[in-house]
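The values are calculated or read from the model by the stated rules, or taken from the named source; none is laboratory data. Owing to the predicted nature of the structure, the values given are computational and were not obtained by experimental measurement. Positions of Cβ are generated from backbone atoms using ideal geometry, with glycine treated the same way; all protein chains shown enter the neighbour counts.
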Amino acid sequence: MPNVKQLIDGHNKAILKKAETAQPQQDEGKKCNCRKKEECPLNGECLVSKVVYQATAYTQDTKETYIGLTANQFKARYRNHQMSFRYILPQCLANLTQPIRH
């Protein structure tokens, strides 16, 4: 059974593979398209590509550091992380707590 790190690594690999085949269109020189500029995850430069980033995740007992990279726009990667934490990860954790049926 894969652990959370393996799930995230696999997800990152799939996203980066997609990014190699289809780059989203971006206006030349435009650095941010956030509706609320004060909420931009990269202080007004969220449309930058080829980024290595670091995030810290806290639980009740531990603190984990995650380092990731993206070939496509950071904002697209950031949205994918948000979606995975909202939808994919809770489903995986729910499956871990269910009894195995034969």
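Might you let me know whether region 72-89 holds any residue that is surrounded by 15 or more Cβ atoms within 10 Å (Cβ to Cβ), of a type in the set (Gly, Ala, Ser) and either at pLDDT below 85 or part of a strand (DSSP E or B) (or both)? Outline the logic, then answer.
First, pick out the residues of region 72-89 that are surrounded by 15 or more Cβ atoms within 10 Å (Cβ to Cβ): 72-78, 80-81, 84, 89.
Subset that is of a type in the set (Gly, Ala, Ser): 76, 84.
From the residues that got through so far, the ones that are either at pLDDT below 85 or part of a strand (DSSP E or B) (or both) too are 84.
Within region 72-89, one or more residues are surrounded by 15 or more Cβ atoms within 10 Å (Cβ to Cβ), of a type in the set (Gly, Ala, Ser) and either at pLDDT below 85 or part of a strand (DSSP E or B) (or both).
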| Going through region 21-44 one residue at a time, which ones are surrounded by 10 or more Cβ atoms within 10 Å (Cβ to Cβ) and at pLDDT below 75? | Gln23, Pro24, Gln26
| said: I'm told Leu47 meets every condition in (1) closer than 22 Å to Phe85 by Cα; (2) modelled with pLDDT under 90; (3) surrounded by 10 or more Cβ atoms within 10 Å (Cβ to Cβ); (4) of a type outside the set (Ser, Thr, Tyr) except one. Can you identify the failing condition by its number? | reply: (2)
